[in-house]
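Here is the structure we will look at.
Only the coordinates and a few stated rules stand behind these numbers; no lab work does. In this text, all values refer to a predicted model and were calculated from it rather than measured experimentally. With ideal geometry, Cβ positions are generated from the backbone for all residues, glycine too; neighbour counts draw on all protein chains shown.
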Amino acid sequence: MSFKVLKPGFLTTIQDYGRTTHGAHGMSQSGVMDEHAFCWANHLLENDFNDAVLEITFGGVELKALDDAVISVCGADLDFKINDQAALIWHSVKVNQGDVLSWALPKRGIRTYLAVKGGFKTPILFDSRSVNLRENIGSKLAENDILDCESSSLELDHFVAPQYIPNYNQDIVLRLLPSYQYAEFSEAQRALFFNQSYQITNANDRTGCRLDGAPIALEQEKMISEGMSYGSVEIATNGLPIILLKDAPTIGGYPKIGTVFSLDLAKLAQKQPQTKLKFELMDIHQAQKQRLKFNQFFQISPN
């Protein structure tokens with residue numbers, strides 16, 4: 001079973017759960033930006049949690065099915081169609097040989113995920129199929145590429161219940177877990193950070209998300225570079241936050257006020273520049289409880 005790329009779109013890449021075991025070697029985590037949509041897309045097809053999907057950003061994609069297939073599309077509403085007819089998202093869908101799948105411009109959200117039964121069978125590089133353009137690992141889709149996957153004759157009729165489908169038009173609040181440097185920020189600095197609405201700037205991609213707002217006055221503007229983690233919130237020399245995302249480097253030299261709760265980062269992945277957001281503190285025990293529940297439901301067992 002395979003698909004031919006007719007139009008590759010703005011930024012379309014193969015991603016899986018990520019390259020979670022190579023941070024010590026200086027490699028980014030990589031992987032899908034919206035973990036919530038990714039996990040549902042695989043779950044609808046009874047796939048393994050780590051099966052590779054197509055991450056489609058901003059649309060403009062057309063694929064031709066070279067065989068019959070069972071697929072699911074979860075995430076942003078990019079006007080998904082099959083043969084120019086509106087098709088279901090957050091639902092398993094049967095595709096016939098010769099069908100043309102297309103995604104146009106964003107209606108709600110910016111990233112959507114195409115899953116196929118068994119996942120896309122691209123090369124495994126450093127224990128993951130995830131593409132990381134910044135590190136020259138893999139490449140984005142190009143016209144006439146062939147995307148291979150397993151043959152499947154399954155008849156599935158699975159869908160996501162409405163209460164689990166996000167509203168991508170809502171403003172978001174990102175829950176923050178204090179880092180070990182949290183205490184180095186004064187009460188006034190913390191109050192300014194938590195009591196304002198920041199705006200997402202145009203510097204927003206798979207590496208990180210820069211925010212604009214009232215700057216925090218920093219006493220210590222430089223520090224020795226140290227290890228970073230996905231979701232870390234750095235306060236740059238201009239006093240404004242940078243949220244590190246999936247393709248971020250593994251070291252950095254800005255002070256960190258905390259780390260965004262991993263499941264909230266899926267909401268950030270669907271937001272365009274100029275969107276406003278706020279931060280609030282989160283208890284570590286609450287975070288662990290929610291993360292465990294999510295992992296158990298989707299049978300996630302990262303290395």
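For the chain, what is the calculated [θ] at 222 nm in deg cm²/dmol (nearest 500), taking -39500 (n - 2.57) for each run of four or more DSSP H residues and dividing by its residue count? Show your work: numbers first, answer last.
Working: 4 runs with 37 residues, N = 303.
Value at 222 nm, helices only: -3500 deg cm²/dmol.
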### Query
What residue among Asp68, Asp34, Asp77 shows peak mean-square fluctuation when the chain is described by a Gaussian network model with Cα springs under 10 Å?
Asp68
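What is the sum of charges, Lys and Arg at +1 and Asp and Glu at -1, for the other residues whose Cβ falls under 12 Å from the Cβ of Asp77?
Net charge in that neighbourhood comes out at +3.
Determine, for each peptide in 45-56, 160-171, 230-241, 79-90, the mean count of other beta carbons within 10 angstrom over its residues, then list the peptides with the highest first.
Numbers: 45-56: 22.3, 160-171: 11.7, 230-241: 19.2, 79-90: 15.2.
Top of the packing list down: 45-56, 230-241, 79-90, 160-171.
Which value, in debye to the nearest 20, describes the size of the charge dipole of the chain about its Cα centre when Lys and Arg Cβ atoms bear +1, Asp and Glu Cβ atoms bear -1, and nothing else is charged?
Details: 28 positive and 35 negative charges, 92 e Å.
The dipole magnitude comes to about 440 debye.
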## Note on the structure
Given Cβ charges of +1 for Lys and Arg and -1 for Asp and Glu, the option among Ala65, Ala87, Val5 whose Cα lies farthest towards the positive end of the dipole of the range 1-146 is Val5
### Query
Taking K and R as +1 and D and E as -1, what net charge do the other residues with C-beta under 10 Å from the C-beta of Leu101 add up to?
0
## Note on the structure
Of the listed pairs Lys246/Lys278; Lys107/Lys293; Lys64/Lys94; Lys64/Lys246; Lys81/Lys276; Lys140/Lys276, those with alpha carbons more than 24 Å apart are Lys107/Lys293; Lys64/Lys246; Lys81/Lys276; Lys140/Lys276
### Task
Between Asp67 and Tyr164, with labels modelled 7 Å along Cα→Cβ, what's the label distance in nm to one decimal, could you check?
2.8
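Please give the peptides 293-300, 112-119, 251-258 ranked by average Cβ packing (other Cβ atoms within 10 Å per residue), highest first, as a rough proxy for protection. Kindly include the intermediate steps, with their values, before the conclusion.
On the way: 293-300: 13.0, 112-119: 24.2, 251-258: 20.0.
Going from most to least packed, we get 112-119, 251-258, 293-300.
Length gain on complete extension for the stretch Ala183 to Glu280, per 0.36 nm per residue less the alpha carbon to alpha carbon distance?
Values: separation 97, 0.36 × 97 = 34.92 nm, distance 1.58 nm.
The span from Ala183 to Glu280 would gain 33.3 nm if fully extended.
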### Query
To the nearest Å, what is the center-to-center distance of the range 217-279 and the range 128-151, using C-alpha atoms only?
27
### Query
Which whole-number percent is the relative contact order of the range 172-298 (Cα, under 8 Å, 6+ apart)?
37
### Query
Can you tell which of Gln272, Gln288, Gln189 shows the greatest fluctuation in a Gaussian network model of the chain with Cα springs below 10 Å?
Gln288
